[in-house]
1. Which net charge results for the neighbourhood of LEU143, defined as the other residues with beta-carbon distances under 11 angstrom from its beta-carbon, given Lys and Arg at +1 and Asp and Glu at -1?
2. Could you list THR14, THR113 so that the one with the fewest beta carbons within 10 Å of its beta carbon is first and the one with the most is last?
3. What translational diffusion coefficient, in µm²/s and rounded to a whole number, does the Stokes-Einstein relation yield for region 9-159 at 25 °C and a viscosity of 0.890 mPa s, taking the hydrodynamic radius as the Kirkwood radius over Cα pairs?
4. Report the trypsin sites (Lys or Arg not before Pro) located in region 1-66 that are in a DSSP loop and have at most 15 other Cβ atoms inside 10 Å of their Cβ, or state none.
5. Using the Karplus equation 6.51 cos²θ - 1.76 cosθ + 1.60 (θ = phi - 60°), what ³J(HN,Hα) coupling, rounded to whole Hz, does each residue of region 29-35 give in order, writing x for Gly and Pro?
6. Quick one: which residues, 5+ away or cross-chain, put their amide H under 5 Å from the amide H of SER70? H built at 1.01 Å from N.
7. With a 10 Å Cβ neighbour count serving as the proxy for reagent exposure, in which order, fewest first, do ASP138, ASP146 appear?
8. Tell me the trypsin sites (Lys or Arg not before Pro) within region 76-118 that lie in a loop according to DSSP and have at most 15 other beta-carbon atoms within 10 Å.
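Here, each number is a calculation from the coordinates, and none is a lab measurement. Quick caveat, the model's predicted, so the values are computed rather than measured. Counting neighbours? That spans all protein chains shown, and the Cβs are built from the backbone with ideal geometry, glycine included.
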Amino acid sequence: MSTARIPRSGSIDTVVDATPEPVWAVLADVTRIGEWSSECRGADWLDGAVAPRVGARFRGRNRVGTIRWSRVCTVTEAAVPHTFAYRTRGAITRDSTAWTFRLEPIGNRTRITLSYEVLAMPRAFELVIVNLLPAHRDRSGELAADLARLGEVVRAMRSIPAAPARSVPEAPTRSVPEAPTRDVPARDSRPAG
């Protein structure tokens, strides 16, 4: 059994070929996390939330190999299009991690900086993780790949051509020849009497 420890904090950055606005839109839509995360397979907003705002909660569903778990997360910062941050909380294990994504424009590209800080990690739970999920001893490579995939998702959205605008064809116009005119005597419009 390994007695290794999980790093208590870390930071990874990647530059992607997209501006911050569409990156933030995909990143902060937690229902799309499964499109780019290697570990979080999906998420759903909780308590009637439908968009990121400070205090909104969502449940993330994770999987590595055959091991699955979920975490309730609380949004701690949602500054369009600069920062999206949330804190995880394990209901039984009482572990907690703060995740922060910062977006910095670089011309028409974006530097995404992901940082995390383990806020709480009971040692017994940490030993379970390092032995069942050895990749969690150093996830920097996976996290960098996640950020690159996030950029690919955004780039793919740009390359999908928009549906062509449908125009309603105008009704054909035709000229109707004028009817020949004839002199018609005027009628008396008074009632007969």
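1. Numbers: positive: ARG139, ARG149; negative: ASP13, GLU39, ASP138, GLU142, ASP146.
Neighbourhood net charge equals -3.
2. Numbers: THR14 18, THR113 15.
With the sparsest Cβ surroundings first, the list reads THR113, THR14.
3. Working: Rh = 15.8 Å.
For the chosen part, D equals 156 µm²/s.
4. Details: sites: ARG5, ARG8, ARG32, ARG41, ARG53, ARG57, ARG59, ARG61, ARG63; in loops: ARG5, ARG8, ARG53.
Here the trypsin sites (Lys or Arg not before Pro) that fit, given the DSSP loop and packing criteria, are ARG5, ARG8, ARG53.
5. 8, 4, 5, 9, 4, x, 6
6. ASN62
7. On the way: ASP138 13, ASP146 20.
Ordered from fewest to most neighbouring Cβ atoms within 10 Å, ASP138, ASP146 come out as ASP138, ASP146.
8. Values: sites: ARG87, ARG89, ARG94, ARG102, ARG109, ARG111; in loops: ARG94.
Taking region 76-118 and a limit of 15 other Cβ atoms within 10 Å, the loop trypsin sites (Lys or Arg not before Pro) found are ARG94.
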